[in-house]
1. When each pair of different Cα atoms in the stretch 158-275 is counted once in the 1/r mean, what is the Kirkwood radius in angstroms, to one decimal?
2. May I ask for the net charge around Leu252, where only other residues with Cβ less than 12 Å from the Cβ of Leu252 are counted and Lys, Arg are +1 while Asp, Glu are -1?
3. Once you charge only the Cβ atoms, +1 for Lys and Arg and -1 for Asp and Glu, what is the size of the charge dipole of the stretch 136-259 about its Cα centre, to the nearest 20 debye?
4. Over the alpha carbons of the chain, what is the largest minus smallest coordinate on each principal axis, giving the biggest first in Å?
5. Among DSSP beta bridges whose residues both lie in the chain, state the antiparallel percentage, nearest 5.
6. At 7 Å along the Cα-to-beta-carbon direction for both Arg273 and Ala199, put a label point, then send me their distance in nm to one decimal.
7. Quick one: length gained pulling Leu145 to Ala192 fully straight, 0.36 nm per residue minus the C-alpha distance?
8. If the elastic network links every pair of Cα atoms under 10 Å, which of Val215, Val96, Val104 fluctuates the most in the Gaussian network model of the chain?
Amino acid sequence: MDHAPGEGRAAQGCGKDLHLNDTQLNDIRLVASDLDGTFLDANHGLHPRCVAAVREASRHGVHIVFATGRPSRWTGLLQPLLDIGYTLIASNGALVLDPGRGRVLTYRAIEPQDAFGFGTDLVPLVPDACFAVEFAHGGWGADELFLNVQRGQSQDQERPGILAPFGQLVTHDAVVKVIAVSASTPTEPLAALCERASAGRVHPTFSFSRAAGFVECSAPGVSKASALRAVLAQQGLCPDQAMAFGDMPNDLEMLRLVGHPYVMAGAHPVVLRAGYPIAGANCDGAVGAIIERELGLGPLTPISPPCQHASRNRGQTSED
């Protein structure tokens with residue numbers, strides 16, 4: 001189910017004959033970055049080197065995109081960058097927003113019958129499965145068991161706008177993400193079971209690993225890559241002209257799409273095995289360092305001593 005106020009123009013001049021020299025990738029016209037574990041520092045705050053780099057890149061005409069699994073209401077920390085006119089891809093590609101104008105540009109919802117059918121088929125495979133949903137028009141809902149599991153993970157749990165059985169949640173409003181949680185099944189095996197139950201009705205992925213598994217499901221074909229592809233077309237750019245950074249499985253499609261992909265030093269093993277260049281650690285501002293180097297901007301802030309990069313593969317609860 002696609003919803004967009006207008007059609008983006010097709011990218012012009014895209015072809016396989018683009019060749020960039022090895023010393024300066026000066027044809028890069030768009031930079032897309034994941035947030036947690038990537039653009040943000042170890043405390044989930046803005047890293048000064050990353051901020052300086054995207055500001056300078058924007059000043060040179062490079063379009064900046066932040067692509068996150070977070071719902072848009074959890075992206076207020078980017079407010080200091082509103083003046084650069086970035087595009088926000090939220091909820092793993094289900095929402096594309098213009099934060100500077102406070103506008104949702106597009107959203108892609110899961111059909112209610114598909115969401116409910118997926119949940120119905122998952123429960124026999126994962127008897128303690130519970131669910132939450134993110135709504136297209138803001139807010140979220142959950143069933144009671146989901147809240148109980150989440151309280152065991154964090155005492156600072158956001159209250160849902162609606163608390164109801166899953167069948168009621170999926171018909172309350174347009175749903176852009178279904179979250180499946182199991183107290184007894186870690187994230188990776190839960191993701192495999194969600195894939196088995198999906199039967200093509202939803203697209204499961206995950207953005208962090210923990211013992212009480214947490215899997216995020218979008219509509220079929222929806223990913224950070226699908227949203228970024230639309231942004232590139234709207235900007236009249238080719239994927240070869242884009243650079244992207246990520247660290248988790250929900251970033252892989254985006255990394256495959258662009259001409260210049262980078263992964264973080266603390267990335268999930270499946271992302272590291274993809275063989276993309278390693279940018280460095282998020283706590284060092286590695287995204288900013290790569291932007292400076294590849295766009296020929298030079299060091300824009302003092303370089304701090306290297307940190308010990310933190311993996312998001314155990315116990316992480318931020319949703320990105």
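The values are calculated or read from the model by the stated rules, or taken from the named source; none is laboratory data. This is a predicted model, so every value here is computed, not measured. Here the Cβ is made from the backbone with ideal geometry for all residues, glycine too, and neighbour counts use every protein chain on show. Note: areas computed on protein heavy atoms with side chains; ligands, DNA, RNA excluded. Shrake-Rupley method; radii C 1.70, N 1.55, O 1.52, S 1.80 Å.
1. In the stretch 158-275 this quantity evaluates to 15.9 Å.
2. Details: positive: Lys224, Arg256, Arg273; negative: Asp34, Asp247, Asp251, Glu253.
With Lys, Arg at +1 and Asp, Glu at -1, the net is -1.
3. Details: 9 positive and 12 negative charges, 32 e Å.
Here the stretch 136-259 has a charge dipole of around 160 debye.
4. For the chain, the Cα extents along the three principal axes come out at 54, 44, 33 Å.
5. About 60 percent, rounded to the nearest 5.
6. 2.9 nm
7. Extra length from Leu145 to Ala192 when fully extended: 14.8 nm.
8. Taking springs between Cα atoms under 10 Å, the residue moving most is Val104.
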